[in-house]
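The structure under discussion appears below in the form of structure tokens.
The numbers here are math on the coordinates, done by the rules we state, and not lab data. Treat the numbers as computed from the prediction; the structure is a model and nothing was measured. Cβ atoms come from the backbone with ideal geometry, glycine included; neighbour counts cover every protein chain shown.
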């Protein structure tokens, strides 16, 4: 199975695994399972507007790369993602880098669309105390690649305890909070 980072995200660097999940229908299937939890093949096919045969084939490919597994404690056969997210490590060879770029582009565009949707739909429905703490950090910094990596590692370490909090450990007034951080070096 691929390694995990402090958040429990799968760390993908194997070119074949990247190719497998870069396929748009498989990526949609995996991210759906990561967000919504366990589901049967029939439920997944219905929710993703597909058919059972195609869904089983995609699940088999993802399972072969250690990204999903059969949920054994369910009365009805179900599948689950083995992690709540993905982290892509850039491979060394140019061909694999191109595949990684396809996947990271999908991931980036999906994440980039979230703030506008949240602002239009979610933010207006928040209670005042939640609206007060929501915000954006937008700063231009002069940094080296090592310093950017250090900031990224610190953010992972800082947020991991909240990402991995068991349901029984969550305070009563806790709610899911999406934290996005874009580390975007400007080109020369």
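Details
- The P(r) of the stretch 1-112 has a tail past 24 Å containing 21 percent of all C-alpha pairs.
- Residues 151, 137, arranged from fewest to most other Cβ atoms within 10 angstrom of their Cβ, appear as 137, 151.
- Once divided by 2.2 N^0.38 Å, the Cα radius of gyration of the stretch 92-164 becomes 1.49.
- Among 161-174, 48-61, the peptide with the highest mean count of other Cβ atoms within 10 Å heads the list, and the full ranking is 48-61, 161-174.
- Sorting the segments 112-119, 16-23, 4-11 by their mean number of nearby beta carbons within 10 angstrom, highest to lowest, gives 16-23, 4-11, 112-119.
- Mean Cβ count within 10 Å, highest first, over the residues of peptides 29-36, 124-131: 29-36, 124-131
- Euclidean distance between Cα centres, the stretch 1-56 to the stretch 129-184, Å: 24
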